[in-house]
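Colleague: First, the structure itself, so that you have it in front of you.
Computed from the coordinates by the stated procedures, all read-outs in this text should not be read as laboratory data. Nothing here was measured: the structure is a model prediction, and the numbers come from that model. All Cβ positions, even for glycine, are placed from backbone atoms using ideal geometry, and neighbour counts span all protein chains on display.
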Amino acid sequence: MNAAFQLAAVDTTDHRTLIVSLFSVFVAITLVITVLAGRRTKDATDYYAGGRSFTAFQNGLAVSGDYMSAASFLGIAGAIALFGYDGFLYSIGFLVAWLVALLLVAEPLRNAGRFTMGDVLAYRMRQRPVRTAAGVSTIVVSIFYLLAQMVGAGALVALLLGISGDTGKNLIVVFVGVIMILYVTIGGMKGTTWVQIVKALLLIGGTILITILVLAKFHFNISDLLGAAAANASEGKDGVDAGQFLSGGLQYGLNSTTKLDFVSLGIALVLGTAGLPHILIRFYTVPTAKTARKSVLWAIGIIGGFYLMTIALGFGAAALIDRADIISSNAAGNTAAPLLAYEIGGGDGSSGGAILLAVISAVAFATILAVVAGLTLASSSSFAHDIYANVIRKGKATEREEVNAARMSAIAIGAVAILLGVFAGKLNVAGLVALAFAVAASANLPTILYSLFWKRFNTTGALWSIYGGLTVSVVLVLFSKVVSGDPAAMFPDVDFHWFPLKNPGLISIPAGFLFGWLGSILSKPEDEDGKKFAELEVRSLTGAGAH
Amino acid sequence: MSTAPPTPSPPGNGSYVRMQESEDFAELRRRFRTFAFPVTIGFTAWYLLYVLLSNYAGDFMAKKLFGNINVAFVLGLAQFLTTFLIAWWYARHANAKFDPEADRLRAVVEADVEHASEDAR
């Protein structure tokens, strides 16, 4: 049906030059924007919250840019290409999750906080312990996420550019790390937001282009596209059941454990998004809660539209490229979208194919860079604002000292991410993104919701839900097949796993809520006359006294 | 208008406490919670139902409706559709039923805080 080809075998030098040039243009433009934004970054509000000056549409794009990682672009397209409907199922959790952020979190958070998630969690609690906990949880979630992105970046770019060997991959990890440190330290939130906006526009533009080309090939008949995908996916020795390809079960339906695992993953995705620190701090970049609401509305439209297009991308790849070729290029299907771009542009030897491949590869690279910058900003902001300014300096640091601390910690976190990325380069860390969502849902979300809506919640409750949710999710993953006892595990050669699921959400999320409740009712009420809760409640609902 | 905070006493927090105890604020909170809480439970349940159907009702999901489009695919697209609709519905509710009253109470409480701190001088 198709000329058999592999990405690495595509006439490498030509498309490599093109990818590198396109990507250099992106890096150059975004660095210029970053420097310009940096010049207009004067105080802490500029650095942490972009001066709260972005519009709903701008922030909606930036939220989408922060959220649509390479995992959701290449990962979901690849999962659909290989597993059909099960890959599609995955994207739905990522979208529905935004309703939690819209209805329960975005507006109260914007009204009651200043710069970080910790601002809201510590609002009516004892500042030092709760801010420490919020900082720890923010950094843990962000580092897991960051590590997955960095290692993924190394492997992916090496694949797209046809680089083999560890030195090449490590150089890419270092390069990505250095650029992200520059974005964050020079541009602060203003610069990083513009990087997200540019990246979101590129990603959406690239996806629309490929989607239209794919659909045109099937005369805009979705049923034909699905039929061709199922037929092609069931061919050959790696072929799968055509029926299941369209109705589900190939990835998660293997046995009762994988089914339960999918329920666990689904819950973690839906409840985790509204607890991701790098997403939460985006709500501070707009002037009012109403603008925060509108930015989430834009984000839902953009992200939803994007995931709808990944259906065309994934099934298109399944229909137009031989399954064996997708798998031999990357076993997880991560290169299905670039392969599709190459095929749809004309295939072997065509300049159209080479150009589209280069465009999609550059977009993927831009995606990774923007997401890691957002994560670095979130974790360094929390370290500087929650831990340095409010715990170490007990609120006595000047704005200037605090922003300097934020820049220093961005460099430190960036350096840690580069080191981990290099040393973890050979490990399979893809599972860490799901873990980041699980920790966010188990530790952060219960604490946010209790803080905003439950009067009896207190410091002990907050510490129990953060540390309890965090510990349960991390320990369960440590003893799951994500880490050991599986060929696809981080350490495939040892086996100390006893927890059957790969995603801990099913246990750790209820545990986080339970810990928060138990910690509160088993300790003395703090706010007996309810004055602090009154202030938080009035502020969070009306916006009175908002920063 | 019944319960706009009366005479302000000690600066700061007192204004918030009075506002929180007012009937107007109780009504604002009610408008928020009676929408956000049930709708959150609703869409979470609907999503879980969809996940469970995908997991445990393979035959039903595989039923072809037209061409190669089956129940699974249609329900998946329905999740997108309901997400968009709920977002739109919430925005409409908030614009009409919530924002004007929130803005009014915000002005009341901010004026009261201002007043209280002037009295304290």
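Colleague: Taking the Cα centre of chain A as origin and charging only Cβ (+1 Lys, Arg; -1 Asp, Glu), how large is the dipole, in debye to the nearest 20? Intermediate results must be reported in sequence, preceding the final value.
Modeller: On the way: 36 positive and 31 negative charges, 423 e Å.
Around 2040 debye, computed over chain A.
Colleague: Mean separation of Cα pairs under 8 Å and 6+ residues apart, divided by the residue count of chain A: what relative contact order is that in percent? Walk me through the intermediate numbers first.
Modeller: Details: 1038 pairs, mean separation 155.1, N = 547.
Normalised by residue count, the contact order of chain A is 28 percent.
Colleague: Charges on Cβ only, +1 for Lys and Arg, -1 for Asp and Glu, centred on the Cα centroid of chain A; of A:ILE326, A:ALA354, A:VAL176, which one is farthest towards the dipole's positive end?
Modeller: A:VAL176
Colleague: While we're on this one: Quantify how much of the Cα-Cα distance distribution of chain A extends past 39 Å, in percent.
Modeller: On the way: 34271 of 149331 pairs.
The proportion of pairs with Cα distances above 39 Å equals 23 percent.
Colleague: In what sequence do A:ASP495, A:ASP119 fall when counting other Cβ within 10 Å, fewest first? Intermediate results must be reported in sequence, preceding the final value.
Modeller: Details: A:ASP495 13, A:ASP119 22.
By the 10 Å Cβ count, ascending: A:ASP495, A:ASP119.
Colleague: Another question about this same structure. Using a Förster distance of 25 angstrom, determine the FRET efficiency expected from the C-beta separation of A:LEU478 and A:LEU419, and round it to 0.05. All intermediate terms of the calculation are to be shown ahead of the outcome.
Modeller: On the way: r = 21 Å, r/R0 = 0.82.
Approximately 0.75, to the nearest 0.05.
Colleague: Moving on to the next point. Return, ordered by residue number, the residues of the range A:231-259 whose backbone nitrogen is under 11 Å from a label point located 7 Å along Cα→Cβ of B:LYS64.
Modeller: Answer for the range A:231-259: A:243.
Colleague: Please compute the length gained on full extension between A:ARG393 and A:LEU522, using 0.36 nm multiplied by the number of residues separating them and subtracting their Cα-Cα distance.
Modeller: Working: separation 129, 0.36 × 129 = 46.44 nm, distance 3.09 nm.
Value of the extension gain: 43.3 nm.
Colleague: Give, as ranges by residue number, the residues of the range B:69-102 whose backbone N falls under 14 Å from the point 7 Å along Cα→Cβ of A:ASN221.
Modeller: Answer for this model: B:69.
Colleague: Sorted by mean Cβ packing within 10 Å, highest first, what order do the peptides B:105-112, A:46-53, A:431-438 take? The partial results should precede the final answer.
Modeller: Numbers: B:105-112: 19.4, A:46-53: 22.9, A:431-438: 26.6.
Those peptides, ordered most packed to least, come out A:431-438, A:46-53, B:105-112.
Colleague: A further question follows. At a threshold of 8 angstrom on Cα-Cα distance, excluding pairs fewer than six apart, so keeping six or more, what relative contact order does the range B:13-120 reach in percent?
Modeller: Numbers: 36 pairs, mean separation 42.6, N = 108.
Across the range B:13-120, relative contact order equals 39 percent.
Colleague: Between A:ILE212 and A:THR167, what's the calculated FRET efficiency when r is the beta-carbon distance and R0 is 51 Å? Round to 0.05. Could you put the intermediate results ahead of the total?
Modeller: Details: r = 39 Å, r/R0 = 0.77.
For A:ILE212 and A:THR167, the calculated efficiency is 0.85.
Colleague: Looking only at other chains, what is the average number of their beta-carbon atoms within 10 angstrom of each beta-carbon in A:316-323? Can you show the working numbers first?
Modeller: Numbers: counts 0, 0, 0, 0, 0, 0, 0, 0.
Mean shielding count: 0.
Colleague: Right, another one. Highest first, please rank the peptides A:251-258, A:107-114, A:311-318, A:480-487 by the mean number of other Cβ atoms sitting within 10 Å of their residues.
Modeller: Numbers: A:251-258: 15.4, A:107-114: 24.5, A:311-318: 28.5, A:480-487: 19.2.
Packing order, densest peptide first, comes out as A:311-318, A:107-114, A:480-487, A:251-258.
Colleague: Then there is this: Would you kindly calculate the mean projected area, averaged across all directions, of the convex hull enclosing the Cα atoms of the range B:13-120, in square nanometres?
Modeller: Values: hull surface 36.8 nm².
Mean shadow area of the hull around the Cα atoms is 9.2 nm².
Colleague: Please find the FRET efficiency linking A:SER351 to A:SER24, where r is the Cβ-Cβ separation and R0 is fixed at 22 Å, and quote it to the nearest 0.05.
Modeller: On the way: r = 20 Å, r/R0 = 0.91.
With a Förster radius of 22 Å, E is 0.65.
Colleague: Right, next: Using the basic label-point model (7 angstrom from Cα toward the beta carbon), what is the A:LEU427 to A:GLN127 distance in nanometres?
Modeller: The two pseudo-label positions are separated by 3.6 nm.
Colleague: From the residues B:LEU77, B:LEU65, B:ASN55, which one has its Cα farthest along the dipole of the range B:13-120 in the positive direction, the dipole being from +1 and -1 charges on Cβ of Lys/Arg and Asp/Glu about the Cα centre?
Modeller: The residue sitting farthest along the positive end of the dipole is B:LEU65.
Colleague: Right, another one. Can you give the angle from 0 to 90° between the axis of helix B:71-93 and the longest principal axis of chain B, with both taken from C-alpha atoms, to the nearest 10?
Modeller: 20
Colleague: What is the mean number of Cβ atoms from other protein chains located within 10 Å of the Cβ atom of each residue in peptide A:85-93, rounded to a whole number? It would help to have the intermediate numbers written out before the result.
Modeller: On the way: counts 7, 2, 0, 5, 7, 0, 3, 11, 4.
Across the residues of A:85-93, the mean count of other-chain Cβ atoms within 10 Å is 4.
Colleague: Here's a follow-up. For labels at A:ASP43 and A:LYS531 in the simple 7 Å Cα→Cβ model, what's the distance in nm?
Modeller: 2.8
Colleague: Per residue of A:261-273, how many C-beta atoms from partner chains lie within 10 Å of its own C-beta, taken as a mean?
Modeller: Per residue, the average neighbour count from other chains is 2.
Colleague: Also, I was wondering about something else. Once the cut-off is 19 Å, how many percent of the Cα-Cα pairs in the range A:263-332 end up in the long-distance tail? Each step should come with its number before you reach the end.
Modeller: Numbers: 1403 of 2415 pairs.
In whole percent, the long-distance tail amounts to 58.
Colleague: For A:LEU250, what residues show an amide H to amide H distance below 5 Å, using hydrogens built from the backbone and excluding near sequence neighbours?
Modeller: A:ASP86
Colleague: Among the listed pairs A:LYS190/A:LYS532; A:LYS426/A:LYS502; A:LYS199/A:LYS290; A:LYS396/A:LYS531, give every one whose C-alpha distance is greater than 23 Å. Present the calculation step by step, with values, prior to reporting the outcome.
Modeller: Working: A:LYS190/A:LYS532 32 Å; A:LYS426/A:LYS502 20 Å; A:LYS199/A:LYS290 25 Å; A:LYS396/A:LYS531 25 Å.
Pairs exceeding the cut-off: A:LYS190/A:LYS532; A:LYS199/A:LYS290; A:LYS396/A:LYS531.
Colleague: Roughly how many debye, to the nearest 20, is the charge dipole of chain B about its Cα centre, given +1 on each Lys and Arg Cβ, -1 on each Asp and Glu Cβ, and no other charges? Mind showing how you got there, number by number?
Modeller: Numbers: 12 positive and 13 negative charges, 159 e Å.
Around 760 debye, computed over chain B.
Colleague: What angle, in degrees between 0 and 90 and rounded to the nearest 10, separates the Cα long axis of helix A:531-542 from the longest principal axis of the Cα atoms of chain A?
Modeller: Helix A:531-542 sits at roughly 40 degrees to that axis.
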